[in-house]
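Peer 1: Handing you this structure, nothing more for now.
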Amino acid sequence: MSDQTTIRVGERPAALGALGTYFDGESAVAHPARIRIEEGQQALVIEFAGRHVLWSLEDVRWLPDQADRSELVLANAHDPVARLITDEMRLAKRCPNLTRRNTHVRRSKVLAWAFGAVASVALIIFVLVPILADQLAEFIPPEGEKALGEATLSQIRTVLDETGIGELPICENQDGLAALDMMRGRLEAHAELPIEMTVHVLDHPMVNAFALPGGHIILFDGLIKAAETPEEVAAVFAHEMGHVESRDPTRHAMRSAGSIGVLGLLLGDFAGGALVLFLTERLIEAQYSQAAEHEADNFAMVTMEAASIAPGALGDMFHRLADQYGESEGVHSHFQTHPTLTERIALSRAWQMDAEARGFAAQPIMSNQEWVQLRAICQ
Amino acid sequence: MQVISPWEAARSGEPETEVPTQTEFAGRRARLFWLALRMGLLTVLTLGFYRFWMKTRLRRWYWSAWRPSGHPLEYVGDPWEKLLGFLIAVVFLAFYIGIVNLLLMFLSFSLFNGNFAAYLLSFLGVIPLWFYARYRARRYVLARTRWRGVRFGLEPGAWGFAVRALWHWFLTIITLGVLWPRKAFYLEKYITDRTYFGAQKLTQNGSWFGLLRPWVGVWLPVLASGFAFGVLGYEGYQAMQNFDWVLEDNPTPPETSALWQALVLAAPIVAFIAPIWLLLALVNYNVKRVRYLTSHKSAGDASLDIKPRFWKVTGIYFWGYSFAGLVGALILTPIIVIMVLVFESDGMAAMGLESGTVETLPQPVLTAIAIASYFLLFLMWSVLMHTFIRFPMMRHFASSLTIINLGELANVSQRPRDEFGEAEGFAEALDVGAAI
């Protein structure tokens, strides 16, 4: 083959002659072709089957990412289908715009759809899904909600159980329950909840409490142990009542059902996207729930003041927790489902001061002995 | 591999006789490794945004490596059109998925008091879309594939495909999998019979019985071990019911059937052999399926023939996954160590266990290292899959592919461009699993 090729590359290359295959894009016929450069016209002349075509050197493009690097696959910018394949690699040096890409997709169109996609996802996640979730939560029959809460509670107890076989036990010390009931009665009398509450204490050292759909309020033994006064337990209790009042757990479950699916779409088949999906969902959820927590705190303040329990107790509790476990602020705090402790302490203390100005006088919730019994609820 | 020059390929002309035309495979593993690594890294760094470019460039490379009758295939897909198609799909699907999931969750809470029904229903609801997307993705890829300057193409028919796929899946499930090869054959036939190379239509010949024998190899071990463990479980349960005999003064075990005793002896052997048998049978079925379906495809006078070998394919899988697994384990080790340290660090500090060097690093640094390793794991896995599974597999398949009676196919005329603005957006968004 090389004996048929004459190439002179110099100051002024006279002629470049090479061999290749030409596909005209009209049929699948492979035309054996002779290629030379017509210096006068600055064009590539492709001669095949008694015909020839002229490609201006400026219009010659190559196909990138070819597996076989010993040949060039060339195209003409003005002809979408014709192809020239040659192993004369030096041809590349003579074509100035070889690597220029031309896409038929208009960037403005991509931009418009990108805007549309972002807008519709934002609309769905931040507007439509929350509104629908809030509206639909009203229509869920109370029995359904209650059963849902029971199912979730049972799942949580199974997960938290350290033996790995049973469910985490519910604390049932009679004296302790009586003390808890007293606290509950006191708070309940000053709040109008849409559904009946079911209150449980779980035998687990975690310092936490939560509300589940259907009026379930769960306190952990660790929380009761961490509290120094019954008022502090009552503050957390009242906060969880706030969630029951606004049906937050049910709305939360419905919202994440809507938004997780949509977020999953955006990541498509990107490997490792599960982590990004998780973090994004967490971020969105945190924004919602920070607002919900804020409202629950407000509810707790109002209820406690009405029930003659010091609203500042919530702040006292959090202040001690912050000293013990530290506070997270900055970037990290955007992923937190609760407002920062500092904010919540400030709110609680400010409320206490305002209440005192309004002539608030605290009444004890229970006797010292009853408080000892409540603390022993899991024994 | 000896690749003849384009001129030689063209000048040697097309064989007029029925001499099969060989396919060559060009390209080196090292190049693919670096390409996949670079593209994967950019995809991770852009949180998945670069994947449209990655897919395009990898496809260009793979396509050009296949050289039936000495001329490379060409992939002309455009990353920008993929991005556009994806955005279009997101706009439509976001409404469907977001609102429908939420409504289903509501119904599930109200009627079934739980969320399981909702997850099940929303999964079932996506299945038809999934088949639809798969056909559309195939149509896009074929419309952007060329050989000898001529386009391939697939006729529209995605909903027809989805309906048939649902029906065949239904039949497969109610017959406990016996009709799996029937499903495979008819779905492939549906696609092949709508595929064009230029103006020439392709045809899928043969019948689904051709796939039945290799399928029995897969189906039997599953059925046999299912039966064995079913009987074992049932008899064991019965024995537990009559557990009182242990408490008697003179314990005599109750009569057990001979079948049960035989199964008790066989169970460990079955438990060990069945998975290996099943894996080999699956490889065998897939090799035979590709062989049968490809060798029964024709385009006018021309027809295809492919002869992948079972042991060669098994070897590629074995060594490829062994190597990738080893590398994956090496990457995973630091992740696990760091994860443990991150979660335990509070407890360790409390107990005053301030030793070592790793746990003295601040938590954000540890978290960053863990996240980086997590993505590194996915990245390296995909790169190794390209270099040690897909590359050798394609090379083996390509080198055993021949075109018989190329003659007329070599003169086939061009077909018009299929604009297809949505590209493979739906498949992309729904993660249909068309990896390249």
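Peer 1: When you go through (1) crowded, with 16+ Cβ neighbours inside 10 Å; (2) modelled with pLDDT of 75 or more one by one for B:Asp431, which number turns out not to apply?
Peer 2: (2)
Peer 1: Filter the stretch A:129-155 down to the residues that are of a type in the set (Val, Ile, Thr) and crowded, with 16+ Cβ neighbours inside 10 Å and list them by number.
Peer 2: Selection gives A:Val129, A:Ile140, A:Thr152.
Peer 1: Which residue out of B:Leu179, B:Leu171, B:Leu154 is in contact with a strand residue (DSSP E or B) (Cβ under 7 Å, 6 or more places away or on another chain) and either in contact (Cβ under 8 Å) with a residue 24 or more places away in the chain or over 25 Å from A:Val81 (Cα atoms) (or both)?
Peer 2: Selected residue: B:Leu154, the only one of B:Leu179, B:Leu171, B:Leu154 that is in contact with a strand residue (DSSP E or B) (Cβ under 7 Å, 6 or more places away or on another chain) and either in contact (Cβ under 8 Å) with a residue 24 or more places away in the chain or over 25 Å from A:Val81 (Cα atoms) (or both).
Peer 1: Taking the stretch B:178-201 as the region of interest, how many residues are away from chain A (no Cβ under 14 Å) and assigned to a strand (DSSP E or B)?
Peer 2: Looking only at that region, the number is 2.
Peer 1: Let me ask something additional. Quick one: would you say B:Leu129 is under 30 Å from B:Asn405 (Cα atoms), touching a Phe, Trp or Tyr at 6+ places or on another chain (Cβ under 9 Å) and more than 9 Å from chain A (Cβ to nearest Cβ)?
Peer 2: no
Peer 1: Could I ask something else about it? Between B:Arg59, B:Arg67, which is more than 7 Å from chain A (Cβ to nearest Cβ), assigned to a strand (DSSP E or B) and either among the basic types (Lys, Arg) or over 27 Å from B:Ile127 (Cα atoms) (or both)? Give the steps one after another, and end with the answer.
Peer 2: On the way: B:Arg59 fails: assigned to a strand (DSSP E or B).
Testing whether each residue is more than 7 Å from chain A (Cβ to nearest Cβ), assigned to a strand (DSSP E or B) and either among the basic types (Lys, Arg) or over 27 Å from B:Ile127 (Cα atoms) (or both) leaves just B:Arg67.
Peer 1: I would also like to ask the following. Show the residue pairs meeting these rules: Cβ distance below 8 Å; 6+ apart or different chains; first residue within the stretch B:78-92 and within 7 Å of chain A (Cβ to nearest Cβ); second residue among the basic types (Lys, Arg) and assigned to a helix (DSSP H, G or I).
Peer 2: B:Trp80/A:Arg107; B:Leu84/A:Lys109
Peer 1: While we're looking at this one, here's another question. Could you check how many residues of the stretch B:146-159 are surrounded by 14 or more Cβ atoms within 10 Å (Cβ to Cβ) and closer than 12 Å to B:Leu129 by Cα?
Peer 2: Number of matching residues: 1.
Peer 1: A:Ala226 versus (1) modelled with pLDDT under 85; (2) touching a Lys or Arg at 6+ places or on another chain (Cβ under 9 Å): which is the lone unmet condition?
Peer 2: It is condition (1) that A:Ala226 fails.
Peer 1: Which fully enclosed helices (runs of 4 or more DSSP H) of the stretch A:50-161 have 2 or more residues being without any contact (Cβ under 8 Å) to a residue 12 or more places away in the chain? Talk me through it step by step, then tell me what you get.
Peer 2: On the way: elements: A:91-94, A:107-122, A:129-139, A:142-160.
By residue number, A:107-122, A:129-139, A:142-160.
Peer 1: Something else: Could you run through the stretch A:88-120 and say how many residues are touching a Ser or Thr at 6+ places or on another chain (Cβ under 9 Å) and within 10 Å of chain B (Cβ to nearest Cβ)?
Peer 2: 1
Peer 1: Would you confirm, using the coordinates I've provided, whether B:Ile99 is in contact with a helix residue (DSSP H, G or I) (Cβ under 9 Å, 6 or more places away or on another chain), within 11 Å of chain A (Cβ to nearest Cβ) and β-branched (Val, Ile, Thr)?
Peer 2: yes
Peer 1: Still on this model: Mind listing just one residue for me: the one in the stretch A:190-211 that is modelled with pLDDT of 85 or more and in contact with a Pro (Cβ under 6 Å, 6 or more places away or on another chain) and, of those, nearest to A:Glu138 (Cα to Cα)?
Peer 2: It comes out as A:Ala211.
Peer 1: Let me ask another. Is the stretch A:181-190 home to any residue that is in contact with a Ser or Thr (Cβ under 8 Å, 6 or more places away or on another chain), part of a helix (DSSP H, G or I), hydrophobic (A, V, I, L, M, F, W, C) and surrounded by 19 or more Cβ atoms within 10 Å (Cβ to Cβ)?
Peer 2: yes
Peer 1: Another question, then. For the stretch A:338-379: of the residues being within 43 Å of the chain's Cα centre (by Cα) and of a type in the set (Ser, Thr, Tyr), which is modelled with the lowest pLDDT?
Peer 2: A:Thr340
Peer 1: Among (1) surrounded by 23 or more Cβ atoms within 10 Å (Cβ to Cβ); (2) hydrophobic (A, V, I, L, M, F, W, C); (3) over 30 Å from B:Met105 (Cα atoms), where does A:Leu212 come up short?
Peer 2: Result: A:Leu212 fails condition (3) only.
Peer 1: Residue by residue through the stretch B:362-409, note down the ones that are outside any helix (DSSP H, G or I) and free of Cβ contacts under 8 Å to residues at least 40 places away in the same chain.
Peer 2: Within the stretch B:362-409, B:Pro362 is the sole residue that qualifies.
Peer 1: With respect to B:Leu124, determine if the residue is more than 22 Å from B:Glu422 (Cβ to Cβ) and surrounded by fewer than 19 Cβ atoms within 10 Å (Cβ to Cβ).
Peer 2: yes
Peer 1: May I pose another question? More than 20 Å from the chain's Cα centre (by Cα), within 10 Å of another protein chain (Cβ to nearest Cβ), in a loop (DSSP other than H, G, I, E, B) and surrounded by 19 or more Cβ atoms within 10 Å (Cβ to Cβ) - does that describe any residue in the stretch B:29-41?
Peer 2: No: zero hits.
The values are calculated or read from the model by the stated rules, or taken from the named source; none is laboratory data. Being a predicted model, the structure only gives us computed values, none of them experimental. Cβ atoms come from the backbone with ideal geometry, glycine included; neighbour counts cover every protein chain shown.
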